[in-house]
Every structure is written in structure tokens, then in C-alpha cells.
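Only one structure is covered here, and it is reproduced in the block below.
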Amino acid sequence: MKFLRRLSLFVLRAVLLVGVVGGGAVIASYYYLRADLPTAEALRDIRMQVPLRVLTHDRKLMAEYGEVKRQPLAFRQIPDRLVKAFLAAEDDRFYQHPGVDYQGIMRAAWNLVLTGKKSQGGSTITMQVARNFFLSREKTYLRKLNEIFLSLKMEHEFTKEQILELYLNKIYLGNRANGVAAAANVYYGLDVKDLNLAQMAMIAGLPKAPSLYNPIANRTRATQRRNYVLRRMRELGYISQEAYQEAIAYHDQSRLHGLAIDVEADYAAEMARAFMVERYGKDAYTGNYQVVTTLDSRLQTAAEQALRKDLHSYDERHGFRGVEHHVDLGSLQEPADWKKALSNIAAFGGLYKGIVTFVDDQAVSVYLSDGETADIEWSGLKWANPYIDINHMGPKPELAGDILKVGDIIFLRRVNHQWRLAQLPEVEGAMVSLNPRDGAVLALVGGYDFRRSKFNRVTQAYRQPGSNFKPFLYSAALEKGYTAASLINDAPVVFDDPGLESAWRPENYSGKFFGPTRLREALIHSRNLVSIRLLRSIGAPFVIDYAEKFGFERDRLPENLSLALGSGVAQPMQLAGAYSALANGGFRVQSYLVEQILGPDGQVLFNARPAVACPESCEEAEKNAAAATRPDAASADLNLTPPKAPRIMTPENNYLMNSMLRDVIQHGTGRRARSLGRHDLAGKTGTTNDQVDAWFSGFNQDLVAVCWVGFDQVRSMGRYETGARAALPMWISYMSAALKDMPERSLVRPKGLVTVRIDPRSGLLADSHQRDAIFETFRSRFVPKEFAHVAKPTAEQTGQGDDQPAPEIAPEQLF
């Protein structure tokens, strides 16, 4: 008995000694390590890496940039069942322990005694949060002690729900998905609220080994892990037996899903990304910034569709260049083999790809890459004359077999719910639409498809504008005293211009000459020889000075007579800005895309303050612009009314140019746009030598749109591919959608203008008897003083005597 009593006392003393020594060691370790632990302030300032998101003006997602995929959620936004799935899988005693599960630690210690190996046992959710935010993942005693102390400290600083929120937003779940929201989207293409129980359990099983239990990498192992999570949920009473059985039986259909983009606007999104990187550096990709752009999602979609439709129409006019590839279906008999063959073919621009499986007389059947079958009727095939060169095609096909054969790999597109044979266009295009009041970019498409070519033709391509430049020449001429009725001779001419290499013999597109021509008629019908003589009269230096006010770059405009035909170069964005001045009453506005930048907590970090065109009254804008220059305005009140844009055209000049450019659509080269059924549209076509570039720029008072079509490597688009044929249909398609429900606005006429009857041949005043007289508007000081010499009709012809003269000036038109 004495021996047993002594042994018991010895053991008790040893245990007490170990406890005291152990406790002292823990206390000593804490004081040794506490300097390395983050402060309470640092803990509360936890910021997760969240990618940059780019949004339209109406808050539709355009793009997301950053290696980490994460969509932070508040705890209340996370379904309770999903939370319980993670608790069942990772830490079922989360709400009982103080951040450290001593039972788990003892298991890890016992494992060390038995095996001599360190393990991660006993790691709670709080400890995982501590490790993921502040510590390395190495398995050392020192790191484990740090983890324990930090976990205890976090439990003191945060509620359980706050810790869970950090964990469920931070945890890595494979395939670049960080947090449950990103994982739900990556694996199932769903919001977390739309996940079913089996899907929640699958995601909750991922933290243990995101690569090993990833359903994309190994569906069998992932399903086993999912079933373990479901079993633990049932054992813990989180779910019923019935829910467990239903979830176990669910066949998982996870696959990799791309980001759910609301609006296709890759070129504009890239511009916004570059803006952010210039402003914030690499932090832009991880700082949880949101960039709100000026794009209107409806108009952007309309622009994308209009551009692709136009390029495909051009492509079809020049013939079918042949199939993408051919496979022998005799050796590829299974649909899985067909799908594999299609996987090597890249499709762009919303095209579908498929293999021809059956050819009838005037129809074909096609197996699509998604496993569906498409039938192309003759209406979608008959366009495919063989392409020979840019100006020639082979004979019209009579049968589907003249075009395609079984095993051909082709592209298709959907047009009015019908399938149509397609090909990737070699020609390119660009479109940009602005709000002329302040220059906000409403829609921007820099090419057929950003994935095929990242070159943004709206902002990076310098192309000759051709006759698209003429409105600025004619506006300059009005400043020099010319009128819309001034006569210029449209006749053959040879120029020996020292600025040109040799004698120059320009001509009109039609090859015809029309003699003395009024400026209005010359602009309406884009007469080249009139424009050249006009430029020679007023001088190229004056025109260049004038054009520079509209945003054209001086050093890209030649100081010779070819300038009259648009031989300088400009970007589509620059042309859109220049035409905005025509649309807004004569004010120079700067185009801009980034409207607002929001920080991690939704705070506004940046608000654009563009100068605004104010044709009627800008008193309020001027007042705020002045206030913004005061020293006490440095705090940058984000709600200040923007300043006034500078006026670069007189109201009279602007009105006359609008009037003439409206006539381009009503009577001239842009008359195809009359199909829109509106009278408030103005614009100008543009075509360069050999049909290298085709343009249409048009507007009303609320909207400007510029369209360009051409090849990246400068070459002809073929005969007859003028601005009216190649670019105007794109503009019409876009404007038909953009102007929907937009009321027409009449042109406000400024003071100082007079409308009189003139002789259409001479531009001089017409007397009361001239039957073919027309009305023309002049600045009051430039009204013609002379009458045209036209034979007067007899009284019998007019039905009135000489004592009943008509007024020279129409009263209702006199201002």
C-alpha cells in the first residue's frame, strides 16, 4: 500500500509539474510570439482580393479582371444549409469551442506520439481563417502555436457569424474559385441561393483537397466526398433522412462555367481596364473596384449585332471562300468523335460550328458542337457563289452539293430563326456612338470579335475619312462667307499642286460632271470637284485650323488639295467627337467612357465631370464651373454641375450644316436611311480611293453614330463598296434600335437667318413668277441682292397678273 501511495503521489506531482511547466511554456510562447500577431485593428481591416468588375451605365456586367475569382457575400446572403454543409465537413463543434478545438489538438498530439509525424489535425474554421489571412501553410510547431493564439484572439474580436463570413468568402475551392459564390458560378453557373442540397454538399467537400475532390478533375472522388458531407449532415441532424436520400441519388452535372457576362462589350471593357491600371496599378485587379462606364447595355447590344450583320452581308456579296475543314465520317462514326473534331475549330462572333452529315438537293443537315442538329434550307445556302477575287465570283449554285459535301466542317449563323451558311469575315469594321451633349460613349465595337483581334479600330486605327471630312470643309467655307447657294463649277480640272508628286486629275465617283453647282447640292451628292475648288478658294491652312477645333490632329491633315477628299487620317472616335459638335449646336465635347469608380465598400472614388454642350442656357453650368476653380473647391464635390463645353461653331453655321446634312439623307447619298421613317436625321457617307474605306457618320440631337468598314491591311473592298453600300446599312440597323421610342426633335432655328426663294441654277433671288424656284436659308448679311435672269411666264400661264407679286421672302420662314 505504501508503494502504491508513493507511486500515486509521484504521478500526481509529475502531472502537476508537467502542467506547470506546460502552462509556463504556453505563457512564455505567447509573450514570445505576440509581437508577430496582428493587432486588433489589423484584424478588423481584413481585405480580400476581389477582381475588378466593369459595368455598363445601367449596371450590367461587361467583364471581370483578376486571377482570383471571388464574389463577396454578406453572411445573411449565404443559405443556412450551405453553412451547415461546411460545418458538417470542416468543424461541427464550431459554435461550442473558443476558436481552438482542444479535443482535435489532443488527437493530433496522440497521432504524433504514435507515428512521430506532424499532421494538421484539430484545425478549426477559425484556425483556417487565421492561417489563410495571416499565416503560411507550412506544418511546423511554431506556425501551429501562432495559429492557436491568433484564433483565440480572433474569437475575441469577431462574432461567430463574422468568422464564418470571412471563411466562406475566402476559402479556395479549386479552378481559381475563391469563396462559395465563385464556386457556385464556376461549377454550376448558379447563384448560391439557387444551389440544391447535393450541390451545396459538393462545394462544402472541396476545402479538404480542392484538386483531389474537384468534380471536374475527378467526379468519382468528388462524389464520394459529397456523400460523406451529406452523411455527416444527417448524423448531426441538419437534414432529414428523406432529404439525404434524395441528395445522394442526385447525378452531379457540374462543369466549368465562364463568367456570366450580361453584355458583350470586350473592346470597351479593355479600355476601362487600362484606365484603372493606369490609375491604381496592379492593385486594380485585386482591390474590389467596380468601374461604371457610360455604355447603355441596350445600345451596345444593338451595335454588336449591327456590325456583325453588316460584315456578314459584305462577305456574302463577294462569295463563299470554302469550308473550314473536311473530315471522313466513315472513320468518325460516333458523335463523340464528331465533337472532338469540332473542338479544334475556333468560332468567333457568335457563329456556330458543325459537320455536314447529310446533303439533299437544296438543303443540308449539320451536327453542331453542342450535340444538336441544324437544317440549312436553300434560302440560307443560295448566296454561296464561289469566291474568285474581290470583284469576281463563280456561277450561282443550283444544288446544295455544288456548295457542300458530307464531312465538311462549316460555320452557321441564325437569321430570323433560320439557319444560314456563314464564314468568318476577312473584312473588319468599327462602330462608336456618343451622346453629343457631353461625349459619353453609349456603344463601342472595335471589331468583329475581340477574341479574334484585340486591336480596337475605334481608338487605335487611323484611316482616311474620305467624304466624311467634307462637312468640316463646307462649314469652314460658310465661315469664309460662302452660302449654301454659292455656285462652284463641277467640271474637269488638272492640278499641278507642288504638294503632290505629279499632276492630279480628280473626278467624281460617277465619272460625270454637272457644271455650276450650289454648295448644298454638292454636299448632298458628294461632288468631289466642287469640294476641291472650294478648298483651293479658301485655302488649306484655314481649313486645317478650322478642323483642328473639331478634334482632328493637325499633323495628320495634308496641306494640299487632296484634303478636300478626306486624304488625312483620323480615328472613328475622333470623327464621332467632330460630328457631335454638328449635332449639339456647335460645341466641342470630349468623348469619355469611365463614368464612376466605386471602392471596396461601395464608396465613390471618382466621378466624371465632362464639359457639357449648352446651346440655349448654361448659366448654372458656368456658375459651378467657376466654383470649381476656387481654392476651397479642392475637396472635389462629386455632384457639381459640369462645366460648359467651348463653342466652336456659330449657331447660324451649325444650323445651316444641319440643314444640308439632313438633305444628304432625304435626297442624297444617305437616302437609304429614309427607311427609318424620321426627319430629324443628318449624316454623311465617306468612301476613299478604290473603295479602301467605307464610312457613314450620322446623328440627331440626341445621338451620334460613326460606322467604318475596311480591311486592316489596306486594300480595296471591291467595286461599288461605297460608304452608302458597305457602312450605311450598319448605321441604319443600329439607329433603328437606338431611336426606338425616342421622339423626333425639330431643329431650333437661331436668330439672324433668313429664308428666301432662289433660282436653283444661279442661286440668285427668284421673282414671283418663277415656277421652279426653291427656298434656301441664308445668314441675313449674305442674302443675295440680285435676281436671276429667267424668262417670265405669261399671265395665262401663271393665272395671275403683274399686279399680284409674290413676296421675295417667305413670311413664315423669316426670323
Legend entry - Any pair with Cβ under 6 angstrom, 6 or more apart, that starts in segment 694-718 at a residue that is under 21 Å from residue 455 (Cα atoms) and of a type in the set (A, V, I, L, M) and ends at one that is open to solvent by 10 Å² or more (accessible area, probe 1.4 Å) and part of a loop (DSSP other than H, G, I, E, B): 714/692
Inset, instruction - Scan 498, 506 and give me the residue that is at pLDDT below 95, more than 22 Å from residue 583 (Cα to Cα) and touching a helix residue (DSSP H, G or I) at 6+ places or on another chain (Cβ under 7 Å). - result: 506
Inset, instruction - Check whether at least one residue in segment 472-491 is outside any strand (DSSP E or B), modelled with pLDDT under 95 and touching a Phe, Trp or Tyr at 6+ places or on another chain (Cβ under 6 Å), and report yes or no. - result: yes
Inset, instruction - Considering every residue within segment 201-221, establish whether at least one is more than 15 Å from residue 71 (Cα to Cα), at pLDDT below 95, among the basic types (Lys, Arg) and outside any loop (DSSP other than H, G, I, E, B). - result: yes
Inset, instruction - State all residues of segment 441-452 that are open to solvent by less than 10 Å² (accessible area, probe 1.4 Å) and either of a type outside the set (Asp, Glu) or in a strand (DSSP E or B) (or both); if no residue qualifies, say none. - result: 441, 443, 444, 445, 446, 447, 448
Inset, instruction - Could you grab the pairs with beta carbons closer than 9 Å, sequence gap of 6+ or different chains, first residue in segment 766-791 and part of a loop (DSSP other than H, G, I, E, B), second one of a type in the set (Phe, Trp, Tyr) and surrounded by fewer than 19 Cβ atoms within 10 Å (Cβ to Cβ)? - result: 766/787; 767/787
Inset, instruction - Working carefully through the options 461, 522, 503, 484, find the one that is among the aliphatic types (A, V, I, L, M) and closer than 30 Å to residue 267 by Cα. - result: 461
Legend entry - From 455, 472, residue being open to solvent by 10 Å² or more (accessible area, probe 1.4 Å) and of a type in the set (A, V, I, L, M, F, W, C): 455
Inset, instruction - Select, from 585, 577, 568, 551, the only residue that is more than 17 Å from residue 478 (Cβ to Cβ), part of a loop (DSSP other than H, G, I, E, B) and touching a Phe, Trp or Tyr at 6+ places or on another chain (Cβ under 9 Å). - result: 568
Legend entry - Checklist (1) touching a strand residue (DSSP E or B) at 6+ places or on another chain (Cβ under 7 Å); (2) surrounded by fewer than 21 Cβ atoms within 10 Å (Cβ to Cβ); (3) β-branched (Val, Ile, Thr); (4) outside any loop (DSSP other than H, G, I, E, B) applied to residue 301, failing item: (1)
Legend entry - Filter result for the condition that a residue is within 28 Å of residue 430 (Cβ to Cβ), open to solvent by less than 30 Å² (accessible area, probe 1.4 Å) and in contact with a strand residue (DSSP E or B) (Cβ under 9 Å, 6 or more places away or on another chain), over 723, 763: 723
Legend entry - Matching strands (runs of 3 or more DSSP E) fully within segment 315-428 where at least 3 residues are open to solvent by 20 Å² or more (accessible area, probe 1.4 Å) and touching a helix residue (DSSP H, G or I) at 6+ places or on another chain (Cβ under 7 Å): 418-422
Legend entry - Qualifying residues in segment 515-529 (those that are hydrophobic (A, V, I, L, M, F, W, C) and over 15 Å from residue 685 (Cβ atoms)) - the one surrounded by the fewest Cβ atoms within 10 Å (Cβ to Cβ): 529
Inset, instruction - Look through segment 649-684, keep the residues that are hydroxyl-bearing (Ser, Thr, Tyr) and in a helix (DSSP H, G or I), and return whichever of them is nearest to residue 436 (Cα to Cα). - result: 655
Inset, instruction - Working only within segment 240-295, note down all residues that are among the basic types (Lys, Arg) and within 24 Å of residue 191 (Cα to Cα). - result: 255
Inset, instruction - Tell me, yes or no, whether segment 495-507 has at least one residue that is among the aliphatic types (A, V, I, L, M) and surrounded by 15 or more Cβ atoms within 10 Å (Cβ to Cβ). - result: no
Legend entry - From the options 684, 751, 644, 740, residue that is crowded, with 16+ Cβ neighbours inside 10 Å and over 30 Å from residue 606 (Cα atoms): 684
Legend entry - Leading residue by the ranking (farthest from residue 148 (Cα to Cα)) among those in segment 75-108 that are at pLDDT 90 or above and assigned to a loop (DSSP other than H, G, I, E, B): 79
Inset, instruction - Being of a type in the set (Gly, Ala, Ser) and in contact with a Phe, Trp or Tyr (Cβ under 7 Å, 6 or more places away or on another chain) is the filter; apply it to segment 316-368 and report the residue that is nearest to residue 396 (Cα to Cα). - result: 319
Inset, instruction - Those residues that are free of Cβ contacts under 8 Å to residues at least 40 places away in the same chain and either of a type in the set (Phe, Trp, Tyr) or buried (at least 16 other Cβ atoms within 10 Å of the Cβ) (or both), I need them from segment 201-218; list them, please. - result: 206, 210, 213, 215
Legend entry - Any chance residue 647 is over 29 Å from the mean Cα position of the chain (by Cα), within 22 Å of residue 482 (Cβ to Cβ) and modelled with pLDDT under 95: no
Inset, instruction - Would you please name the residue that is least open to solvent (accessible area, probe 1.4 Å), looking only at residues in segment 593-618 that are in a strand (DSSP E or B) and touching a Ser or Thr at 6+ places or on another chain (Cβ under 7 Å)? - result: 594
Inset, instruction - Mind listing just one residue for me: the one in segment 282-298 that is assigned to a helix (DSSP H, G or I) and at pLDDT below 95 and, of those, least open to solvent (accessible area, probe 1.4 Å)? - result: 284
Legend entry - Test result for residue 260, under 37 Å from the mean Cα position of the chain (by Cα) and either under 19 Å from residue 55 (Cα atoms) or loosely packed, with under 14 Cβ neighbours inside 10 Å (or both): yes
Inset, instruction - Kindly check whether there is at least one residue in segment 249-261 that is touching a helix residue (DSSP H, G or I) at 6+ places or on another chain (Cβ under 6 Å) and within 29 Å of residue 739 (Cβ to Cβ). - result: no
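The values are calculated or read from the model by the stated rules, or taken from the named source; none is laboratory data. In this text, all values refer to a predicted model and were calculated from it rather than measured experimentally. When we count neighbours, we look across all protein chains shown, and the Cβ atoms used for this are built from the backbone with ideal geometry, even at glycine. Remember, those area values only see protein heavy atoms, side chains included, never the ligands or the DNA or RNA. Shrake-Rupley method; radii C 1.70, N 1.55, O 1.52, S 1.80 Å.
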